[in-house]
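Working notes for the structure below.
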Amino acid sequence: MPAAQQTTVSDLRERYGARYRWLVLATVMLGLIASIISSTIVNVAVPDMSRHFTLGQERAQWIATSFMIATTLAMPLTPALLERFGLRRLFMTGVIMLAIGGMVGGLSNRFELMIAARVLEGFSAGLLQPIPTIVILRAFASDEQGRTMGLFGMGVVLAPALGPTVGGMLVEAFGWRSIFFFVVPPCAIAFWFARRFLPTTSSLTAATGRFDWVGTGVLSTAILLLLNGLVAVHQGVVEASTLLLPGLLLVAGFARLQWRHAHPLVNVRLLGRRTFGLGAIVGFVYGIGVFGSTYLLPVFLQMGLGYSPSAAGAALFPGGIALALALYLTGRLVDRLPPPRLVFAGVLVFSISIGVMASVSSATPYAVIVGWIVLGRIGLGMILPSLTLAVTRGLERGEIPQAASITSLLRQFGGAVGVATVGLLLEWRLDVRGFTADALGSSSATAPAGLVRAFQETFGLLMLLTLPAVLAAWLMTRPTRTRSSPD
């Protein structure tokens, strides 16, 4: 029987044997890495694209924010779509959309068309990113999950670290359009792997019943209102409130609907469990810090410190190596040590690494800057595998897809909030220091001290935003208090 006709898990497992689950993991990880690289590879090109399209910071941030919003909107749909369409069809659709978005973005002559391409890329990434977690937690034994989560974490966090490194070299050698085309080859390989190794039907997800279109509409509207309201803060409190307040009301209404729903789109009851709820806070704030700093770092190195795109991207490469080592070691430790302790240590280290960037100036040696970035990547490598296991251990098998979707959604929503917030904070500090938002669209070998100071203050404020994750991670390490029953 040709590989394309082998549509069931049992058929494929019989053909490939015990290694089959690793082939599935490799396939979905390739799509995951391509989708994450597409989200961060553009960050190093923001100054060049700002000059090409004549953008100020308030518009330039949409290069990243539009992707993050679309990803956040798509993530809750993954469990239901997996059940309805099967793993192979959903995955192949996702990689096709990602490749089309890359080609359209690279050919765009108008800023609006490029943003539309980013939205398409982001939506496909939202469909693809929760899939590896579901595969790991359903296909691998509990004693293998720590090591496997280490490999998964390597893709989730190593890709954002290496994306700007590759992007910087591409921008200098071929221009900013090349970063969009870069994602097409891995999508083509992932598509071929999917036809060969992924089943059209699988037991990865539990039955979800009828698709919750009402819940999807309410959640999507709430996310759009909240993120656009956050971006609108620079226009004024009144303008932002007209979006933020309805968004918060819709979130409350969505939670109420999902609590009562027989087959919820998002199982909000899981958030009521202490460890999962605290882990959700860590994941959300983690997203703010990771994506906010990943957006801010290349821009700061180029526009604040005067480094070239390739030098700015290369500054993140040693951090990627450190991240890979940290993920490997954490994957081995997480099956031996309590995962919450590793989460707390990682969050604390990562928060400190963001804070010290507030002291970086033009007098700071390049090697020192790289060292602070490496410190942050070590913290990231400690967080992801241990956080996923900490919040999913103790859950029923049928709850795992929902848990994976919720944690991915919150991490991605935090990322969208982080990019939008960093853009807002940077614009505010630029204004306080007497610079217009167009300062990021100018090219200068030596930036004024006030411009550097604005970036430093933005890093300091971003570090403050990570402190709730430090507190939540610490609380995860504390034992749950139970009332003693009377004799």
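The values are calculated or read from the model by the stated rules, or taken from the named source; none is laboratory data. It should be emphasised that the depicted structure is a prediction, and the values quoted were computed from it without experimental measurement. Methodologically, a virtual Cβ is constructed for each residue, glycine included, from the backbone with ideal geometry; neighbour enumeration extends over all protein chains shown.
In the set LEU120, LEU82, only one residue is in a helix (DSSP H, G or I) and at pLDDT 80 or above; that residue is LEU120.
Yes or no, residue by residue, for (1) touching a residue at least 24 places away in the same chain (Cβ under 8 Å); (2) acidic (Asp, Glu); (3) surrounded by fewer than 22 Cβ atoms within 10 Å (Cβ to Cβ):
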{"position": "LEU249", "(1), (2), (3)": "no, no, yes"}
{"position": "GLN258", "(1), (2), (3)": "yes, no, yes"}
{"position": "GLY279", "(1), (2), (3)": "yes, no, no"}
{"position": "GLY283", "(1), (2), (3)": "yes, no, no"}
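Scoring SER66 on the criteria (1) without any contact (Cβ under 8 Å) to a residue 60 or more places away in the chain; (2) over 28 Å from ILE223 (Cα atoms) leaves a single failure, condition (2). Of the residues that sit in the range 55-68 and are at pLDDT 75 or above and among the polar types (S, T, N, Q), which one is surrounded by the fewest Cβ atoms within 10 Å (Cβ to Cβ)? Filtering the range 55-68 for residues that are at pLDDT 75 or above and among the polar types (S, T, N, Q), the one surrounded by the fewest Cβ atoms within 10 Å (Cβ to Cβ) comes out as SER66.
For the range 268-283, does any single residue satisfy the condition of being more than 24 Å from the chain's Cα centre (by Cα), on the phi < 0 side of the Ramachandran plot and not in a helix (DSSP H, G or I)? It would help to see each step written out before you state the result.
Just the residues of the range 268-283 that are more than 24 Å from the chain's Cα centre (by Cα), to begin with: none.
The answer is no; no qualifying residue exists.
Filtering the range 301-326 to residues that are surrounded by 19 or more Cβ atoms within 10 Å (Cβ to Cβ), under 21 Å from SER178 (Cβ atoms), touching a residue at least 60 places away in the same chain (Cβ under 8 Å) and not hydrophobic (A, V, I, L, M, F, W, C) leaves GLN302, PRO309, GLY313, GLY320.
In the range 336-360, the residues that are assigned by TED's automatic domain parsing to the domain that holds SER293 reach residues that are hydroxyl-bearing (Ser, Thr, Tyr) and surrounded by fewer than 23 Cβ atoms within 10 Å (Cβ to Cβ) with C-beta atoms within less than 9 angstrom, at least six apart or across chains, in these pairs: PRO338/THR477; PRO340/THR275; PRO340/THR477; ARG341/THR477; VAL343/THR477; PHE344/THR477. Report every pair of residues separated by at least 6 positions or lying on different chains whose Cβ atoms are under 6 Å apart, first residue within the range 11-30 and assigned to a helix (DSSP H, G or I), second modelled with pLDDT of 80 or more and small (Gly, Ala, Ser). Once the first residue is assigned to a helix (DSSP H, G or I) and sits in the range 11-30, its partners that are modelled with pLDDT of 80 or more and small (Gly, Ala, Ser) give THR27/ALA194; LEU30/ALA190.
With farther than 29 Å from PRO79 by Cα, aliphatic (A, V, I, L, M) and not in a loop (DSSP other than H, G, I, E, B) as the only criterion, which of LEU348, LEU257 stands out?
Checking each option against the conditions leaves just LEU348.
Based on this model, can you work out whether LEU296 counts as crowded, with 24+ Cβ neighbours inside 10 Å and closer than 18 Å to VAL452 by Cα?
yes
Kindly check whether there is at least one residue in the range 394-406 that is assigned to a loop (DSSP other than H, G, I, E, B), closer than 21 Å to THR78 by Cα and at pLDDT below 80. Taking every residue of the range 394-406 in turn, at least one turns out to be assigned to a loop (DSSP other than H, G, I, E, B), closer than 21 Å to THR78 by Cα and at pLDDT below 80. Checked against (1) in a helix (DSSP H, G or I); (2) of a type in the set (Ser, Thr, Tyr); (3) under 27 Å from MET68 (Cα atoms), TYR307 meets all criteria but (1).
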